[in-house]
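J.: Attaching a single structure in structure tokens format; questions to follow.
The values are calculated or read from the model by the stated rules, or taken from the named source; none is laboratory data. Remember, it's a predicted structure, so these values are computed and weren't measured experimentally. Here Cβ is always computed from backbone atoms with ideal geometry, including for glycine, and neighbour counts include all displayed protein chains. Please note that ligands, DNA and RNA were not included when accessible areas were found on the heavy atoms of the full protein model with its side chains. Shrake-Rupley method; radii C 1.70, N 1.55, O 1.52, S 1.80 Å.
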Amino acid sequence: MECVFGLVGNGFAIVAADTSAVHSILLHKNNEDKIMVLDSHKLVAASGEPGDRVQFTEYVQKNVSLYKFRNGIPLTTSAAANFTRGELATALRKNPYSVNILLAGYDNESGASLYYIDYIATLHKVDKGAFGYGSYFSLSTMDRHYRSDMTVEEAIELVDKCILEIRSRLVIAPPNFVIKIVDKDGAREYAKRQSVVDVTTAADV
């Protein structure tokens, strides 16, 4: 039931993800951040088994930081995507990770970019991408409305259209989403879209 999607605009990349932590029919929490800030100018949005998702994204984050510490320069977005793909490919033949990734970044030379990496280590550079059941609705919406020269405001409007379609048409739609952006000013959280503020249980009353 996870929904992760992203797109590249004019000088920036945006990724959005639901914030639901779900197991079977249970919703454990609705403020789970599935978009990790990889470094100052990279974001990695992941979906998949919670343990694999957290462990693998943290592993990539620490290795990207280690490379910068050892060499004095950060990895480019393309290099980080290829490193991530290589680690997934290595694990695929030993103890595979059930995790799908959208890696967004901004480089001074090449600008903003978005990479699609799935659990069997397929890597593609894309203008827009999505994972999870929400992809059935977000991909078709982006196919209809996406343009490569979109401004931030137009891209956020498109993201909101995708979220509206997911909430309207997916049987068990996640209520809350987080939106993050990366551009020349760095990677940061841009907005949240919440229809449920918190999960209240009888034990809390």
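J.: So which helices of the chain fit the span-like rule, where a helix is a whole DSSP H run, its Cα atoms reach 20 Å or more along the axis, and its mean Kyte-Doolittle is at least 0.0? Kindly include the intermediate steps, with their values, before the conclusion.
T.: On the way: long enough: 50-71 (32 Å, -1.00); 77-92 (22 Å, 0.29); 152-169 (25 Å, 0.14).
Length and hydropathy pass: 77-92, 152-169.
J.: Follow-up. Let me spell out the model: positive unit charges on the Cβ of Lys and Arg, negative unit charges on the Cβ of Asp and Glu, origin at the Cα centre of region 13-115. What dipole size does that give, in debye rounded to 20? Before the final figure, lay out each step's value.
T.: On the way: 10 positive and 10 negative charges, 61 e Å.
Here region 13-115 has a charge dipole of around 300 debye.
J.: For the chain, what does -39500 (n - 2.57) per DSSP helix run (n ≥ 4), summed and divided by total residues, give at 222 nm, in deg cm²/dmol to the nearest 500? Mind showing how you got there, number by number?
T.: Details: 4 runs with 67 residues, N = 205.
My calculation for the chain gives -11000 deg cm²/dmol from helical runs alone.
J.: Relative contact order for the chain: what is it in percent, counting Cα pairs under 8 Å that are at least 6 residues apart?
T.: Numbers: 423 pairs, mean separation 62.8, N = 205.
Reported relative contact order: 31 percent.
J.: Related question: For the pair PHE69/THR90, report the inter-label distance in nm, with labels modelled 7 Å from Cα in the Cβ direction.
T.: Roughly 1.7 nm, to one decimal.
J.: Probe 1.4 Å, all protein chains in place: accessible area of ARG169 in Å², nearest 10?
T.: Solvent-accessible area, nearest 10 Å²: 150 Å².
J.: Another question, if that's okay. Here is the link list: LYS125/LYS192; LYS29/LYS94; LYS128/LYS161; LYS68/LYS94. Which ones come out longer than 24 Å on Cα distance?
T.: Long pairs (Cα-Cα over 24 Å): LYS125/LYS192; LYS29/LYS94; LYS68/LYS94.
J.: When ranked by the protection proxy of mean other Cβ atoms within 10 Å per residue, highest first, what sequence do the peptides 119-132, 33-46 form? Before the final figure, lay out the partial values.
T.: Working: 119-132: 18.6, 33-46: 22.0.
Going by the mean number of other Cβ atoms within 10 Å, highest first, we get 33-46, 119-132.
J.: Take the Cβ-Cβ distance between VAL54 and GLU109 as r, set R0 to 45 Å, and report the resulting FRET efficiency rounded to the nearest 0.05. Each step should come with its number before you reach the end.
T.: Working: r = 32 Å, r/R0 = 0.71.
E(calc), rounded to 0.05, equals 0.90.
J.: Over its Cα atoms, what ratio of radius of gyration to 2.2 N^0.38 Å does the chain give? Don't jump to the answer; show the numbers that get you there.
T.: Details: Rg = 16.6 Å, N = 205, 2.2 N^0.38 = 16.6 Å.
Taking the Cα Rg and dividing by 2.2 N^0.38 Å, one obtains 1.00.
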